[in-house]
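These notes are about the structure you will find just below.
The values are calculated or read from the model by the stated rules, or taken from the named source; none is laboratory data. As the structure is a prediction and not an experimental result, all values here were calculated from the model. All Cβ positions, glycine included, derive from the backbone under ideal geometry; neighbour counts span all protein chains shown.
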Amino acid sequence: MRRAVVAAYRARLLFFATAVLLLAAGEFTRWLAPDSVFPAVAGLLILLTLVSGALLVLLGRRCLPQHASRVVTSPVEGRWLALNSPASRVPSHGVRAYGQAYAIDLVAEPPGRPRPSFGSGASMRPPSDYPAFGEPVMAMIDGTVVRASGWRRDHRSRSSLLAVVYMMVEGALRELGGPGFIVGNHVVIRGADGTHAVVAHLQRGSVAVRRGESVRAGEVIGRCGNSGNSSEPHVHAHLMDRASFMFAVGLPMAFRGITLDDEVVDGLPENERHLTAPRCLSTPSR
C-alpha cells in the first residue's frame, strides 16, 4: 500500500495537468456542441482529479522514506549569496514539484563587484549587468550525464515589482511547456548510488557536456545564465532520486568544505547569508 501511495504521489503533477486538459476540452465542447453532456461530465472529473491531487500533495509525502543529507561539491566557487535555501525552510521554493524540495538558489556577490539592487535602475536589466552571469558552474557529484540542455535564451532580469508580477504570469505559461521551460538550460548527473544532481538556469550555449558522458565532481559543466523561470542570473542546484523532473522526489544535501561565518563546514547557508566555496581542481570545459 505504501509503495502504491508513493508511486501515485510521484505522479501528482499529472492529476493537475489532466484537470487543465479536461477544462479546456469541456469549454471547447461547450462552444462546439452546446447540447453535449460532456462539459458536465468533465466538470465532475475535474473536481475528482483536483481533490485526488490535493490529497496526494497533503498526505503522500508522509509516506516518503527519510534520507540523510549527502555531502556534495559546491557547484560554484567564490562568494555567493543564498536565496530559497533548505537551511531556512523545506520545501525551499514553496513547492516539492520537479524534485526541488531541498533546492538552493545562489547569486554571486564577489568582493568589489556589486550586484544590482532590486528596484533600482531598469526593471529588466541585461543579464551581463550581474556578476553571476557567465561564472563557471561545476558538477556536484561524480557520475554520468543523463540530461543536458543548453538552447534556451538568457532573458533580461525581473528587477522591479511590476517585472516580478510579469514573471509570475510568464511562469504560469512556462509551466504549460513542461519542466524544461521552468529550469531553463540545465545538466542532470546520475551518481553510482542513483542520486541525480541538477544545476539549472545555465547560460545559453555554455553547457559543456553531453548525455552519456562521465564527469567528475568539480568539473566545469556550464556557466551561470538567466534561462528559464529566473528573475536574475543565478545557479539553481538540487538533488533528486530520479532523472525525470516530473516524477522525482527531492533529496537533502550539504556542500563540502564551504566557509560560513569564517568557519569551514559541510553545510548550506540560510537565506540571505553568504557562502565562500574553495576553487575546485576542475577539468576545463570541453
Check your understanding: If you go through region 72-91 one residue at a time, do you hit one that is crowded, with 16+ Cβ neighbours inside 10 Å, in a strand (DSSP E or B) and among the acidic types (Asp, Glu)?
Key -> no
**Study point:** Matching residues, region 121-139, being loosely packed, with under 15 Cβ neighbours inside 10 Å, touching a residue at least 24 places away in the same chain (Cβ under 8 Å) and not aliphatic (A, V, I, L, M)
**Key:** GLY121, PRO126
Review point. Could you count how many residues in region 93-107 are farther than 17 Å from SER74 by Cα and either crowded, with 24+ Cβ neighbours inside 10 Å or touching a residue at least 40 places away in the same chain (Cβ under 8 Å) (or both)?
Key: 5
Point to revise | Those strands (runs of 3 or more DSSP E) lying entirely in region 176-259 with at least 1 residues closer than 22 Å to ARG10 by Cα | key: 185-190, 196-202, 235-240
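Mind telling me which of the residues PRO284, PRO269 ends up being outside any strand (DSSP E or B) and either on the phi > 0 side of the Ramachandran plot or modelled with pLDDT of 95 or more (or both)?
PRO269
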Practice item. Among the candidates GLU213, GLU272, single out the residue that is acidic (Asp, Glu) and within 17 Å of HIS186 (Cβ to Cβ). Key: GLU213
**Study point:** Count of region 188-215 residues which are within 18 Å of the chain's Cα centre (by Cα), surrounded by fewer than 21 Cβ atoms within 10 Å (Cβ to Cβ) and not hydroxyl-bearing (Ser, Thr, Tyr)
**Key:** 2
Review point. Scanning for something part of a loop (DSSP other than H, G, I, E, B), touching a Pro at 6+ places or on another chain (Cβ under 8 Å) and either β-branched (Val, Ile, Thr) or within 21 Å of MET246 (Cα to Cα) (or both), does region 102-118 turn up at least one residue?
Key: yes
Review point. Here is a list of conditions, (1) within 25 Å of ALA87 (Cα to Cα); (2) surrounded by 18 or more Cβ atoms within 10 Å (Cβ to Cβ); (3) of a type outside the set (A, V, I, L, M, F, W, C); (4) touching a Ser or Thr at 6+ places or on another chain (Cβ under 8 Å), and PRO252 meets all of them except one; can you say which number that is?
Key: (2)
